[in-house]
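Colleague: Below are the C-alpha cells for one structure; questions will follow.
Each reported figure results from applying straightforward, stated rules to the coordinates on display, with no laboratory input. Fair warning: this is a prediction, and the values are worked out from it, not measured in the lab. With ideal geometry, Cβ positions are generated from the backbone for all residues, glycine too; neighbour counts draw on all protein chains shown.
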Amino acid sequence: MWEYTEKVKEHFFKPRNVGALTDANAVGEVGSLACGDALKLFLKIDPETDKIVDASFQTFGCGSAIASSSALTEMIKGKTVEEALKITNQDIADYLGGLPKEKMHCSVMGRDAFQAAVACYRGDKAPREEIEGELVCECFGVTDDQIRRAVKENNLSTIQEVTDYTKAGGGCGLCHEKIERIIAEVKGANKTTEPLSAKARKTMTNIQKIAKIQEVLEKEIRPSLNQDGGDVELIDLEGDVVKIALRGLCSSCPSSSLTKAGIESKLRELVYPDLVVEEAPQ
Amino acid sequence: MKTIYLDNNATTRVADEVFETIRPFFTERYGNPSSMHFFGGSVGREIVNARESMAELLGASPQEIVFTSGGTESDSTSILSALSTMPDRREIVTTKVEHPAVLNLCKYLARAKGYTVRWLSVDKFGKLDMQEVKRAITDNTAIVSVMWANNETGVMFPIEEISEIAAARGALTHTDAVQAVGKIPINLGKSNINFLSLSGHKLHAPKGIGALYIKRGTRFSPFMIGGHQEFSRRGGTENVPGIVGLGCAARLAMKNFQEENIRVKNMRDRLQHGLLEKVSQSRVNGHIEARLPNTLNIGFEFVEGEAILMRMDEKGICASSGSACTSGSLEPSHVLRAMGVPFTAVHGSIRFSLSRYNTEDEIEYVIEETPKIISTLRAMSPFNVENMNTACIVQ
C-alpha cells in the first residue's frame, strides 16, 4: 500500500476540473494505455493577455496520476503561460504534500502535458507530445532529452531514481547502461573519476595508468559486480590491453563475455578510448 | 465501516477454531517437543496429530509431511534439493506464470548458477500447451516445477498429467499448491508428484507456517540444516502453535470442502455475472471452467487498477490488482501479460478472491458499488470512446 498524503487522497477522491473543455484553445497529451497512465490537458488561454483562463483534464491512471492532474490544473489557472511554464514537477509534488518516490513520474507527466499544451497553443506542435531526442527506453518510450531534464531538475543520481521520475528503465532493463551514461554526462562537473586528456595519456607512466584503471574498477565496476556475487581483479596492463580476471559468480556466469564488454566500455569512457579488455588465462 | 474481505488469495483470516486451538501453546503448553520431560514431550504428541491431519488432507502418509515456514521455503527446498540430488541434470522446466517464489528462484539459478530454465507459455485462457510440456521435459531435466493453481487467475494446471511425463523422463516434479490446498480435493496417494508446497495462511491457519510434501522414496537434501527435527529434513525448533494451527485448519478444510465448492463457488459466479452484466467492456481473465472455485479475475477496460482499488477501499472492499501501479514496479502482472491480455484490460484488472467467511449480502454490495466506481473513473479517462476525438485547436 502506498503512503499517500491527505492532500493526494483529497485530490484523488474529489478531483478538480475534470472533463473536456469545449472551448479549449490548447490541448496537451502525454502517456498511453500501454504505459498504464495518460493525461490529456485542456487549456483556455486569453490571446490578449496570455493568461490561462480555464484548465481541465482527463486522466487514465493511478491515484497519484489523477491527483497530480487535478493539482496541476489548480496551480496553472489564473497564471500567464510564462509564469505557469516555471512550474516544475517538484512544485506539483510539493503542492500535494509530497508523492512516494516511485510515483514521481506522475508529477513529471503533469509538467510534460502542460508543455505539450503550450506548444500546441503556440502552434508549433501537434497536441500529442512530439518525441524529442533519441529514444532511450523503448518499453516506456522515454527519450534522452526527457531523462536529461529530469536528472537536471531533480538532481537524480541513480538508475532507480530515473525510473521513479520518468519510468525509463522500469521495463526490460536493456537501457540501463544508456541511462547511466546520461546521468554521468549531466553530472559531468562533479564526477568522481574524469577521463584522461590526450596529453595526460602520453606523459603518464604505465604505473600511473594502472592506478587510474584500478581506481575506475574500484569505484565504478566492483560495487555492481559484488552485488551479483562476482568480482574482478586487474592482472596486468600491456600497452593498451587491460588483462583482468573475473572472480566469484562472474567466472562461471554464462554472460561473462557481456560483463567483460561492460567493463571495457566503462574503462574506455573513464580512462581512455583505446583500451582493450582481455580476460587473463586462469 | 464494515470490511468486505475479497482478497483471500493474498491471505485469509485465522479461523476461530484454529485460534482457540493454538492459544494454550503460547502461555501454558510452551514446552519444546524435543525435551525429555513430559511438559515438553507431550507437545510432541500434538505435532504428530497435526502431521496426520495434514497428510489426510493431501491423501499422503504422515512421514511424507515436513513442516516449514511457508510456501516460499517449501518451494526453495524442493527445487534446490532436486538440483543437488541430480547433479548431472542441468535443466529446470517451469511456467511463465509462477509465483515469484518459484519464478525468481529459477531466474537466479539461471543467472548465477548456469542452469537452463525452460519457461512454458500459456494461452489466452492461461492454460498450458501439453505438447510444449512434452517437448520441454528432456533427459537433462532435473525438476519440473508447475503450480497447481495460479494465484492471480485461479487457473489450474494438470499437474498429475505433467508429473507422469516428467517421471517417464526420470525428472522430479514439484508443484506450488499454495492456492489449491484447502480449496479443492487433492489426493497424492497415486500421483507421481515428488514435492508439493503449501502455506498455512492461505487456508485459515496463521502466517509463518507451511508444509512440504515429499513423496516417499524421493531423494532429498535439506535446505535448513540443523537439529534432528522433522526427521532431520528441516532443522530448527518446531513452530508448535503454527503446526498445531495448520493441523486444525486442515481438518476444517476437509469438513468444509462441500461448502467451498458449492456456496463459495456460487457467490463467485454471482459476482462474476453481476459485474459483467453491469459493467460494459469488462472481461474475465482466465479459463472459466478450469479455475479455483473462489477466484475471479476481471479486467475493466480503460481504467487503472490502483485507482479502482483506492475507491473500493473507501467503500470497505478489499481486493487486489495486476496493474503496474500497485506493484511498486512499472510492469503490470507477468501472468496477464503471459496470457496476452490486451493492455487496455491488464491495467484495469482486479482480482476478487472469496472464502467461506463471505456472505451473499457482501457480494450484492460489491455488485452494487463496483460499477459506480468504474463509471466515475471512466468518465475521467481520456480513453473513453466518446472522448477520443478532441483535436488540437491551433489558432
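Colleague: What's the average, rounded to a whole number, of partner chain beta-carbon atoms within 10 Å of each residue's beta-carbon in A:36-46?
Modeller: Partner Cβ neighbours, averaged per residue: 3.
Colleague: Rounded to the nearest 500, what is the 222 nm mean residue ellipticity of chain A from helices alone, with -39500 (n - 2.57) per DSSP H run of 4+ residues and division by all residues?
Modeller: Calculated at 222 nm, the ellipticity per residue is -12500 deg cm²/dmol.
Colleague: Any chance you could give the angle, 0 to 90 degrees and rounded to 10, that helix B:240-259 forms with the longest Cα principal axis of chain B?
Modeller: 60 degrees
Colleague: With a 10 Å cut-off between alpha carbons and a GNM built on chain A, which of A:174, A:43, A:99 moves the most?
Modeller: Comparing A:174, A:43, A:99 in the GNM, the peak value goes to A:174.
Colleague: Related question: Can you give the mean number of other chain Cβ atoms that lie within 10 Å of the Cβ atoms in peptide A:59-69?
Modeller: Across A:59-69, the average partner-chain Cβ count within 10 Å equals 6.
Colleague: Output the 0 to 90 degree angle, nearest 10, between the alpha-carbon long axis of helix A:104-121 and the longest principal axis computed from the alpha carbons of chain A.
Modeller: 60 degrees
Colleague: Continuing with this model, one more query. If you average 1/r over all unlike Cα pairs in the protein assembly as shown and invert the result, what Kirkwood radius do you get in angstrom?
Modeller: Over the protein assembly as shown, the inverse of the mean reciprocal pair distance is 28.3 Å.
Colleague: Okay, moving on. Shape call for segment A:80-122 from the C-alpha gyration tensor, a ≥ b ≥ c root eigenvalues: rounded (a/c under 1.5), prolate (a/b greater than b/c) or oblate?
Modeller: oblate
Colleague: Can you give me the distance in nm between label points at residue A:3 and residue B:314, each placed 7 Å from the Cα along the Cα-to-Cβ direction?
Modeller: Label at residue A:3, label at residue B:314, 2.3 nm between them.
Colleague: Arrange the following residues from fewest to most other Cβ atoms within 10 Å of their Cβ: B:257, A:140.
Modeller: B:257, A:140
Colleague: Using 18 Å as the Cα-Cα cut-off, could you pick out the over-long pairs in A:79/A:152; B:190/B:265; A:9/A:40; A:7/A:103; A:212/A:243?
Modeller: Pairs exceeding the cut-off: A:79/A:152; B:190/B:265; A:9/A:40.
Colleague: On a 0 to 90° scale, report how tilted helix B:305-314 is relative to the longest principal axis of chain B, with both axes built from alpha carbons and the result rounded to the nearest 10.
Modeller: 80 degrees
Colleague: Taking the mean number of other Cβ atoms within 10 Å as a proxy for protection, how do you rank A:100-113, B:17-30 from highest to lowest?
Modeller: Result, highest mean Cβ count within 10 Å first: A:100-113, B:17-30.
Colleague: Ok, one more. Any idea what the relative contact order of segment A:6-129 is, in percent, if you count C-alpha pairs under 8 Å spaced at least 6 apart?
Modeller: It comes to 30 percent, rounded to a whole number.
Colleague: With contacts defined as alpha carbon pairs under 8 Å and 6 or more residues apart, what's the relative contact order of chain B in percent?
Modeller: Averaging sequence separation for qualifying contacts and normalising by length gives 21 percent for chain B.
Colleague: If the reach is capped at under 17 angstrom between alpha carbons, list the lysines near residue A:14, excluding any in the same chain fewer than eight residues apart.
Modeller: Those lysines meeting the cut-off are B:315, B:372.
Colleague: Given springs between every Cα pair under 10 Å in a Gaussian network model of chain A, which of A:248, A:169, A:31 has the largest fluctuation?
Modeller: In the Gaussian network model the winner is A:248.
Colleague: Which order do the peptides B:295-308, B:220-233 take when ranked by the mean count of other beta-carbon atoms within 10 Å per residue, highest first?
Modeller: Ranking the peptides B:295-308, B:220-233 by packing returns B:295-308, B:220-233.
Colleague: On to the next question. Running a GNM on chain B with Cα contacts under 10 Å, which residue among B:319, B:211, B:167 ends up with the highest mean-square fluctuation?
Modeller: Fluctuation is largest for B:167.
Colleague: Would you mind giving the mean number of other chain beta-carbons within 10 Å of the Cβ of each residue in A:24-34, as a whole number?
Modeller: Average neighbour count from other chains, rounded to a whole number: 4.
Colleague: Taking the beta-carbon count within 10 Å as an exposure proxy, list B:99, B:201 from fewest neighbours to most.
Modeller: Final ranking by Cβ density, sparse to dense: B:99, B:201.
Colleague: Right, here's the next one. Would you compute, from DSSP H runs of 4+ residues alone, the mean residue ellipticity of chain B at 222 nm, taking -39500 (n - 2.57) per run and dividing by the full residue count, rounded to the nearest 500?
Modeller: Helix contribution divided over all residues of chain B: -12000 deg cm²/dmol.
Colleague: Can you sort B:169, B:351, B:251 by how many other beta carbons sit within 10 Å, fewest first?
Modeller: Fewest-to-most Cβ neighbours within 10 Å comes out as B:169, B:251, B:351.
Colleague: Peptides B:264-275, A:50-61: what's the order by average Cβ count within 10 Å, highest mean first?
Modeller: A:50-61, B:264-275
Colleague: Then there's this: Tell me, what is the percent relative contact order of chain A, built from C-alpha pairs under 8 Å that lie six or more residues apart?
Modeller: Over chain A, the number comes to 12 percent.
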